[in-house]
1. State the answer as a single residue: which of GLY90, VAL70, THR273 lies farthest towards the positive end of the charge dipole of the chain, with beta carbon charges of +1 for Lys and Arg and -1 for Asp and Glu, about the Cα centre.
2. Could you tell me which residue out of HIS112, PHE187, THR151 lies farthest along the dipole of segment 110-191 toward its positive end? Charges go on the beta carbon: Lys and Arg +1, Asp and Glu -1, centred on the Cα centre.
3. Taking only Cα atoms and a 10 Å spring cutoff, compute GNM fluctuations for the chain and point out the largest among HIS135, HIS52, HIS144.
4. In a GNM of the chain with a 10 Å cut-off on Cα contacts, which of SER107, SER186, SER39 has the highest mean-square fluctuation?
5. What is the dipole size for segment 66-117, taken about its Cα centre, with +1 at each Lys and Arg Cβ and -1 at each Asp and Glu Cβ, in debye to the nearest 20?
6. Residue farthest toward the positive end of the dipole of the chain, with Cβ of Lys/Arg at +1 and Asp/Glu at -1: which of HIS252, LEU81, TYR130?
7. GNM, the chain, Cα, under 10 Å: largest mean-square fluctuation among LYS54, LYS134, LYS92?
8. Quick one: Cα centre-to-centre distance for segment 19-79 and segment 94-145, in angstrom?
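We did not get these values from a lab; they are worked out from the coordinates using the rules stated. A quick note: this is a predicted structure, and the numbers were derived from the prediction, not measured. Cβ sites come from the backbone with ideal geometry, for glycine too, and all protein chains shown count toward neighbours.
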Amino acid sequence: MRVHSGEKPFTCDQCGKSFAQKQYLTEHMRVHTGEKPFSCDQCGKTFLCASHLKSHLTVHTKEKPHSCSVCGKSFSQCQTLHKHERIHTGEKLHTCDQCGMSFSFKSYLKRHMRIHTGEKPYVCHQCGNYFTYKHSLDVHMMIHTGEKTFTCHQCCKTFLIASTVKTHLRVHTKEKPHSCSVCGKSFSLLQSLHAHEKIHTGVREYMCFECEKTFITAQHLKLHQKIHTGEKPYKCSHCDKRFSQSSSLKTHERIHTGEKLHTCDQCGMSFSTKTHLKLHMKIHTVLKPV
């Protein structure tokens with residue numbers, strides 16, 4: 001009758017939790033004592049109660065009696081089926097009290113909470129870097145091993161992670177899915193769009209501490225700093241001249257190759273640099289006296 005009345009006369013003196021039946025209290029007490037009297041004769045793993053052992057045994061028998069009514073996938077344990085069904089129902093029972101985001105599983109919420117707490121439980125024993133997720137550590141470890149398991153089928157270039165291959169493929173497909181809402185210019189990479197948007201906002205958050213000149217991106221600042229260091233890592237293979245930027249080297253090499261990529265749409269003359277084309281265009285734009 002206690003099921004209907006809700007009465008729970010058996011209380012745990014350790015944590016205050018109450019139970020309707022004494023056997024439930026007895027089972028619960030094992031949580032505090034650490035006692036696990038039920039042992040699997042297949043692998044030796046021990047459990048708090050007989051029902052947990054019974055569920056575990058399906059791992060060895062490969063028995064999967066619980067089937068999903070939506071997709072037919074089978075599971076060895078009833079609770080695993082209930083969790084799976086949330087994929088179909090979209091039910092998200094676990095909500096973050098910090099930002100309100102909801103999750104299908106408690107484990108997902110626990111993982112998400114690290115964003116708010118700043119917890120990084122996974123450490124690289126090679127360099128001491130810490131990571132929020134195990135997957136992030138696994139990907140990072142490839143830097144040390146040199147392992148690049150993902151290959152582009154177009155050019156055979158290899159990458160650390162699958163998502164990088166997907167992004168790289170846009171070089172071949174010319175796909176540019178990220179568009180600027182201000183001017184409509186499109187980009188293959190989201191970070192390239194974000195960098196471009198700063199042109200419209202005027203934000204220049206990267207400053208050179210040598211001359212206090214500011215830049216839109218960290219990459220532009222890094223290139224600029226070579227002016228102060230005098231570093232010129234890019235060498236011409238034709239004449240030994242050196243440059244601080246790879247783009248400057250490419251422009252210079254056109255002197256040797258004779259390549260002229262920039263063509264005037266007024267008269268058809270071609271030039272090796274965009275600057276030379278701009279200078280030439282003044283011939284056409286200058287107003288002639290009447």
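1. Going by the charge dipole, the pick is THR273.
2. Sorting the options by dipole projection puts first PHE187.
3. Of the options given, HIS52 has the highest mean-square fluctuation.
4. SER39
5. Magnitude of the dipole: close to 200 debye.
6. HIS252
7. Between LYS54, LYS134, LYS92, it is LYS54 that shows the largest mean-square fluctuation.
8. 29
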